[in-house]
Structures are given as C-alpha cells and as structure tokens.
Amino acid sequence: MQLRLRGDSILKILLAAAALFIIALVVTLAVELYRIAAPSIFQFGPNFLIGTKWKVNTNQFGALPFIYGTLVTSAIAILIGFPISLGVAIFITEKLKGHQTLGYSLGIIVDLLAAVPSVVFGLWGVFVLIPLLREYLERPLNHYLGFIPLFAGRNPSGFNFFSAGIVLAIMIIPTMSAVSRDVLNAVPNSQREAMYSLGATDWEVTQKSVLPYARSGIFGGFILGLGRAFGETMAVVMVIGNIPNISVNLFSSGYTLSSLIANEFGESSGLYESSIIEIALILFAVALLVNVVARLLLWRMSRGLQVKA
Amino acid sequence: MVTTESDLPASVSLQRKIVNKSMTILVLVAVVLAIVPLILILGDVFIKGAPAINLTFLTAKPTAPNLPGGGIAPAIEGSIVMVGLAALISIPIGVGAGIFFSEWSTSKLSTVSGFLNDVLTGFPTMVLGLFVFILLVLTTKTYSAYAGGFALSLIMIPIIARTTSESLKLVPTTLREASMALGVPRWKTVLRIVLSTGKNGLLTGILLATARASGETAPLLFTAATSTIFIKNLSQPTASLTILIYNYALSSVPNWVTQAWGAALILLLVMLALNLLVKLTIGRNLTRARMEM
C-alpha cells in the first residue's frame, strides 16, 4: 500500500513537472522578450506602433511599415487561401461523402503542402513563382489596370506585397482546410438529412444547414490560418523585397514584422536590437491573441458537439 | 449521396439548379487550385534538384563561391545532430505533459498547460528563435548546436504533447478500470497499460514533430547560425540544411543556387517520407494529429 501511493505520487509529480514546463516556457518567453525590449519601449512608448521611420544611424525606430506589411500580405493570403481551403473541405466532406478512402487520400495530398519547409517555398518563390507572376499576372495587370492605385507603379519586379501574399496563401491552405475538414466532418448527418427531406439541393444543404452549424469551427480555422500568415518568416523574407514601405500599391516592395527580424537582427545592437525585440514582442502579443481566440472557438465547437451527441 | 442534376425533381427551379451546379464547379476549381502548387513545387524541386546530387555533393564540405564542386555534408550532419538533440529534450517533456493532459484531464494545471500548449503550436517560430538567443546565446556568447537543438525542441514539445494526449484519450476507460480492479497501482496502469495501448499515437506525434523540426529555418538563424565545417563540439556555430538553402538561394552564385535546389530535394524527400509513413500507416485514426500540423 505504501509503495503504491509512493509510485503514484512520484509519477504524478514527474508528469506535472512536464506540464508546468510548458507554462513556465510561455511566461519566461514573455518576460525575457520584455526585458530586452524595455529600452525601446521606454524610449518610444506607444509611438513605436505608429512611427513610420526606421533609421539606424539616427536611432529612429517605428514599427508601422512592418505592421502594415504583415497585415497586407496576410489579407491577400486570406482572401485567396480561405475560399480555396473551404472549397477543398466542402469537396472532401460533402461531395465525397461515402467515398471514405478517396476523401482521405485527397486530404493527405492537400496536407502534404504543410510538409514543404518554408525555406523551400521561399526558394521556389524566388526562382519559379516570381518570374511566372511577374510575366503573366503583374505586368499585364499593371499595364491594363495601372490606373487603379493597387496595381500602379512602373514595371513590377515581382519582389513585392502581392507575391508574398500569394506564397502565404499557398502555405496556409493546408492549415485552414484541415481544420475546416475536421469541423465539417463533425456535423451530424441528421442535420443534412433534415434539409434534404425538405427537397433542398446539395448546395442548399451545405449552405443552409452544414456551414451555419460549423461556423464557429470554420472561423477558428480561419484565425489559425491568419496566425500562421502573421508569423511566417522565411518564405516572406525571400520574396517581399525587404524595404520599409507603406503604400497601397501591391506591386511595390515591403517588409513584415518577422522578415525584419530575420533580416536585421543579426547585425543589430543597443537600441536597434532592443527595437527589433520589441517587434518580436508585438508578434508574440498578436500570436497569443490570435491563437487564444482560435482555440476558444474550436474548444467551444467541440464541447457543443459533445453535449449534443 | 452524390446527387446529379437528373436526380433533382422537376419542381426544382432552373435557378436553383444553376446555383447548385455552379457551386459544384467552384468547389472543384478550389481543389485544383490547392493541388496545382503542390505539383509545381514537387516537380520543380525534383527537376532542378536531381542534377545537383552526386557523391561529392553528399560527402564533401562547401568550397569557395568561385570554385566548382563542393558539398553539403556539414549541413546534413548539423541538421541530424540538432534534430536529434531536440528529440532528446522534447520527447520526455512532450510525452510527460501529454500523459498528464490525458490522465489528469480534470486538473486545473492540465487545463491551463494544455491550452498554452495549443497556443504554442501556432506560435511564430522566429520569436521562439529570438527567445533562445536571449536565453542561451547572449549568456554563452556563442552560437551553438545546443542552442539550435533547444530552439527546435520548443517546436516539437507542443506537437508531441498534443498527439500523445489525444491518442491516450482514445484508450478505453474500461482498460484502466480492469487493470486497477486487479490491484495494479495507478502508476503501473498508466505506464504499462495505457502507454502501451496508445504507443502508435505517441510514435505518430514524435515522427510528425521530427519532420516539422527538420524543416525549420527561422529558429536556427540566431541560435545555431551557420558554418562550413563539420562539428567538432556542440558549443560552436553549426550548419543546417535549411539555413544552407536560405543562404545559397540568395547568394546569386550559380553553383550555390544549384546546390540549394539539391539540398531542398533531400530535405523534401525526408519530410515527405516521414509524413507519408505516418499518414498511411500508424496515424490513420488520429485526426487531431493531422489538424495540428
């Protein structure tokens, strides 16, 4: 009896230590980033977030161009990636219903995109995708629709917001489609059958009874994809051109929060270094927010299903 | 379940039929748009990478940019060593936390830690790299394989913990009860009955996490940095395949760019093999593992 209790508590303490490690990790992460970023935080205060100048020799640092670049590229990625991901999920769960193996295989194929390392996306982006986009999309758009500010400028180089957004769109498709797929799979069949019995077409069933039921989960996947786009570094740093720039012109070079860190942290010191760590702190805060919201939505969805089942 | 137009009764209006049909087409277009980039990437990496691969490429050190030949052996070695280090750190912690999440799922520690663990899965890896820089590089004043391995372990821990807990939750409660009813203590039940029943899930998590860590670049930039020589000890800057691809791709040295494609092919083959192995065999029933990737 004595031995049993001792064994139980030893195991519990060991496992609890592992669980505590994860909490300690997140806390230390926040504290350490804040400690190193402090000089920059005290120097610039909230103005850091709206400052547009990034000048190393005069020690002026403002994060707005990078926040802007992150938002614009993520927005392009979501606008293109989200409908595609949802379409893939609908195809697998609704159109291929009853063809389990076929659906599972297609799912695996789409998931394989997630297995491609981001630096390989970057390599492919630089040498294959950018030349293609430049010749067949950016130059024609620029030539014929150049009067629209979005496509303005002269002779797009390909290293710009637009290309970065497209690369990000490809990268977040597997994340968003996998979550949407799991969520749509979890919608009970009675939900569909009720709608079919009223004489609805396939699309009406999907639109009026499957998607509304799954919406919080789909939104959770959407946010997770957004979080991935915000934080992605290597592929973006290779294709965005790396020039601090706030412009509605999608064909101009830009910079994002994470690509700034990758590109400039190595040669930074003093206030410069501390400003870059503050950029990391912004990324940390946004990632925390995005992931907390997404997880809460997904948790709510799975709890709701358990209650109903 | 797949309804064709002719299945729909005549009473369904033309407009509804058209909408239905067009949505089917749009959904198909989405599938094509999702698969085409994958085919293009795989195709390009194979076509451009294959010519670079030969024995020298796999076994030699890099040469100066203006000299032909040279290889990527130190980067292969560095990647294997750092991913190995990361596995050594992350497997005990990840599996331990995963068991705790599943077997003590009602405790407050489990809820909080499990939630933060999920949050960590979606964290920008660049930020994790900077954190390890502050923790290990600033204090030891050198880039090292240790720091690189630790940074990669932070990416592996949440994946392993989540897949472990999800697969242990699939172990039927009756098994635990049967074991306890025979007088087996709880710690033995957990280690001998629950763990061995759920071991496929554990293995899935570990393999997926290893694959993910092998492909990471951002966490290594400021922790392991880079090097052109083989590892002498673990507290010196260390090369890795991913950083090599990054540096070579942006080098505008033709020989190096070709080698970047070769290195990308090797990395991609490893990643695809690990992923397919998991998904076609042991991981089939673990939807959550798929979700976390």
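Exposure proxy for A:SER190, A:SER105: other Cβ atoms within 10 Å of each Cβ, ordered fewest to most, give A:SER190, A:SER105. The mean sequence distance of close C-alpha pairs (under 8 Å, at least 6 residues apart), as a share of the length of chain B, puts its relative contact order at 25 percent. The relative contact order of chain A comes to 27 percent, based on Cα pairs under 8 Å that sit 6 or more residues apart. Overall shape: oblate for chain A, with the ratio a/c of the largest to smallest alpha carbon gyration tensor axis at 1.5 or above and b/c at least equal to a/b. Across the options B:LEU277, B:THR139, B:VAL29, the greatest Cα extent toward the positive end of the charge dipole of chain B (unit charges at beta carbon of Lys, Arg, Asp, Glu) belongs to B:LEU277.
Per-residue 3J(HN,Hα) values for region A:214-225, derived from phi via the Karplus relation 6.51 cos²θ - 1.76 cosθ + 1.60 with θ = phi - 60°, read 9, 4, 5, x, 5, 5, x, x, 4, 5, 4, x Hz in sequence order (x marks Gly and Pro). Taking 20 Å as the straight-line reach from the Cα of B:LYS279, the aspartates and glutamates in range (excluding those fewer than 8 positions away in the same chain) are A:ASP111, A:ASP182, B:GLU166, B:GLU292.
The GNM of chain B, with springs linking C-alpha atoms under 10 angstrom apart, assigns the highest mean-square fluctuation among B:LEU207, B:LEU128, B:LEU14 to B:LEU14.
Placing +1 on the Cβ of every Lys and Arg and -1 on the Cβ of every Asp and Glu, with nothing else charged, gives the protein assembly as shown a dipole about its Cα centre of roughly 1180 debye. Applying the Karplus relation 6.51 cos²θ - 1.76 cosθ + 1.60 with θ = phi - 60° to region B:108-115 yields 3J(HN,Hα) values of 5, 4, 5, 5, 5, 5, x, 5 Hz, where x marks Gly and Pro. Partners of A:LYS12 within straight-line reach, counting lysines whose Cα lies under 25 Å from its Cα and excluding those fewer than 8 residues away in the same chain: B:LYS108, B:LYS169, B:LYS188, B:LYS199. Projecting the Cα atoms of A:ILE240, A:PRO156, A:PRO39 onto the charge dipole of chain A, computed from C-beta unit charges around the Cα centre, puts A:PRO39 farthest toward the positive end. GNM, chain B, Cα, under 10 Å: largest mean-square fluctuation among B:LEU175, B:LEU220, B:LEU277? Comparing B:LEU175, B:LEU220, B:LEU277 in a Gaussian network model of chain B, the most mobile one is B:LEU175.
Let me know the charge dipole size of region A:2-308 about its Cα centre in debye, to the nearest 20, where only the beta-carbon of Lys, Arg (+1) and Asp, Glu (-1) is charged.
Values: 20 positive and 15 negative charges, 142 e Å.
My answer is approximately 680 debye.
Among B:ALA209, B:ALA224, B:ALA273, the largest mean-square fluctuation in a Gaussian network model of chain B, built with springs joining Cα atoms closer than 10 Å, belongs to B:ALA273. Inter-chain neighbour count for A:281-294: the average number of beta-carbon atoms from partner chains within 10 Å of each residue's beta-carbon is 3. The three principal axes of the Cα atoms in region B:71-292 give end-to-end lengths of 68, 40, 29 Å, sorted in falling order. Any idea which of A:PHE265, A:VAL26, A:PHE251 is furthest toward the positive side of the dipole for the protein assembly as shown, if Lys and Arg beta-carbons carry +1 and Asp and Glu beta-carbons -1? It is A:VAL26, whose Cα lies furthest towards the positive end.
Put a plus charge on the Cβ of each Lys and Arg, a minus charge on the Cβ of each Asp and Glu, and nothing anywhere else: the dipole of region B:71-292 about its Cα centre is then about 520 debye.
Amide H contacts under 5 Å for A:GLN60: A:LYS55, restricted to partners 5 or more places along the chain or on a different chain, H placed in the peptide plane at 1.01 Å from N. Phi angles across region A:140-148 convert, under the Karplus curve 6.51 cos²θ - 1.76 cosθ + 1.60 with θ = phi - 60°, into 3J(HN,Hα) values of x, 4, 5, 6, 8, 10, x, 6, 7 Hz, Gly and Pro given as x. Note on the protein assembly as shown: helix-only mean residue ellipticity at 222 nm, from DSSP H runs of 4+ residues weighted -39500 (n - 2.57) and normalised by residue number, equals -22500 deg cm²/dmol. Here, the protein assembly as shown yields an orientationally averaged convex hull projection of 31.2 nm² when only Cα atoms define the hull.
Give me the inter-chain shielding for A:156-164: mean count of other chain Cβ atoms within 10 Å, whole number please.
So the per-residue partner count for this stretch is 0.
Reducing region B:143-157 and region B:178-199 to their Cα centroids gives an inter-centroid distance of 33 Å.
Assuming 1.002 mPa s and 20 °C, estimate D for region B:53-201 with Stokes-Einstein, Rh taken as the Kirkwood radius over Cα pairs, in µm²/s.
For these conditions, the coefficient is 118 µm²/s.
Peptide A:127-136 is shielded by partner chain Cβ atoms: per residue, an average of 2 of them sit within 10 Å of its Cβ.
Every number in this text was worked out from the coordinates using simple rules, so none of it is lab data. What you see is a predicted model; the values in this text were computed from it and never measured. Counting neighbours? That spans all protein chains shown, and the Cβs are built from the backbone with ideal geometry, glycine included.
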